[in-house]
Amino acid sequence: MWWFQQGLSFLPVALVVWSAASFVFSYITAIALHHVDPLVPYISDTGTIPPERCLFGIMLNISAFLGVATMYVRYKQVYTLNPEKSKIIKLNKIGLTLGLMSCFGLCIIANFQKCILYYIHVVGACLTFGVGAIYMLVQTVLSYLMQPEVHSKDIFWIRLTTLLWCCSSIVSMFISSVVLYSGLYGTNLVQKLHWDPQEEGYTAHIISTVSEWSLAFSFLSFFLTYIRDFQKISLRAVVSLHGRTLYNAPQSFVTDEQTLLVAGSI
């Protein structure tokens, strides 16, 4: 059995690989069609003009679904490992809520392009990466509370390092974006897809775009730390049948039957 076949470890792997592919494929398409500059454009700019916009939207929507599945499995795992620790259970529920909000933000990014509905796109970005960073913080705290009984200290330090990487990228992107869009370098920069290195504001633009790519991959890297944990968990789906047929029947003839559908997976 390969390592990604153990438990549900394929989920975080699929989330990271698919999400990274959505960025890379839309970038390659946008570059090939000369829609953006080759040197570190905004991720959102690579998904603004058709046909890459269609590819970007479809792939990110699937990423959001994979994110929901991954975060739910993480929630069930932490809950099962700590059934009597109220503090951990409460943090775990908060983490799941934040994770679902982050995935919803990713759907907004996928379906509301930057150059069309800028402010809605920004709201989606804040939900995805801002709320997502808080999700990472909660999971890091949970890792701290569960070591060394549940797992080693190493995984806590790895998640903490990834969290600090994410936060530094957020700060860098926020400061450079505020400077860039402050009005010092012109107006309507949101619609600008091509930059000349000699233009004013180019340095702030590059710092902002590099920070955005750094932020995206720091966020994805956090889920790579789930792989070993997910190798030790599986979920089963059970369906309840309230009768042997789908015809309406008197209540006295209704019986409950449980049939195990899937073992070892969702």
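The values are calculated or read from the model by the stated rules, or taken from the named source; none is laboratory data. Here the structure is a predicted model, which is why all the values come from computation and not from measurement. Every residue, glycine among them, receives a Cβ derived from its backbone with ideal geometry; neighbour counts consider all protein chains shown. Keep in mind that these areas ignore ligands, DNA and RNA; they rest on the heavy atoms of the full protein, side chains included. Shrake-Rupley method; radii C 1.70, N 1.55, O 1.52, S 1.80 Å.
General remarks:
- Enumeration of residues in region 212-232 that are open to solvent by 10 Å² or more (accessible area, probe 1.4 Å), part of a helix (DSSP H, G or I) and of a type in the set (Ser, Thr, Tyr): SER214, SER221
- A single entry from LEU11, LEU55 fulfils the requirement of being closer than 22 Å to ILE233 by Cα and surrounded by 17 or more Cβ atoms within 10 Å (Cβ to Cβ): LEU11.
- Residues of region 38-57 satisfying the condition of being in a helix (DSSP H, G or I), within 15 Å of PHE112 (Cβ to Cβ) and touching a residue at least 24 places away in the same chain (Cβ under 8 Å): SER44, ASP45, GLY47, ARG53, PHE56, GLY57
- In region 174-199, the residues that are under 15 Å from VAL36 (Cβ atoms) form Cβ pairs under 7 Å with partners that are acidic (Asp, Glu) and open to solvent by less than 80 Å² (accessible area, probe 1.4 Å), at six or more places apart or across chains, as follows: LEU193/ASP45; HIS194/ASP37; TRP195/ASP37.
Listed here are the residues, each with its yes/no results for (1) within 20 Å of the chain's Cα centre (by Cα); (2) at positive phi; (3) basic (Lys, Arg); (4) assigned to a helix (DSSP H, G or I).
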| residue | (1), (2), (3), (4) |
| --- | --- |
| TYR135 | yes, no, no, yes |
| VAL138 | yes, no, no, yes |
| TYR144 | no, no, no, yes |
| HIS151 | no, no, no, no |
| TRP157 | no, no, no, yes |
| LEU164 | yes, no, no, yes |
| SER176 | no, no, no, yes |
| VAL190 | no, no, no, yes |
| ASP196 | no, no, no, no |
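- Number of positions in region 114-163 that are farther than 29 Å from LEU81 by Cα and either out of contact with any Cys (no Cβ under 9 Å at 6 or more places or on another chain) or without any contact (Cβ under 8 Å) to a residue 60 or more places away in the chain (or both): 12
- Selection status of LEU235, more than 21 Å from SER102 (Cβ to Cβ), open to solvent by 80 Å² or more (accessible area, probe 1.4 Å), aliphatic (A, V, I, L, M) and out of contact with any Pro (no Cβ under 7 Å at 6 or more places or on another chain): no
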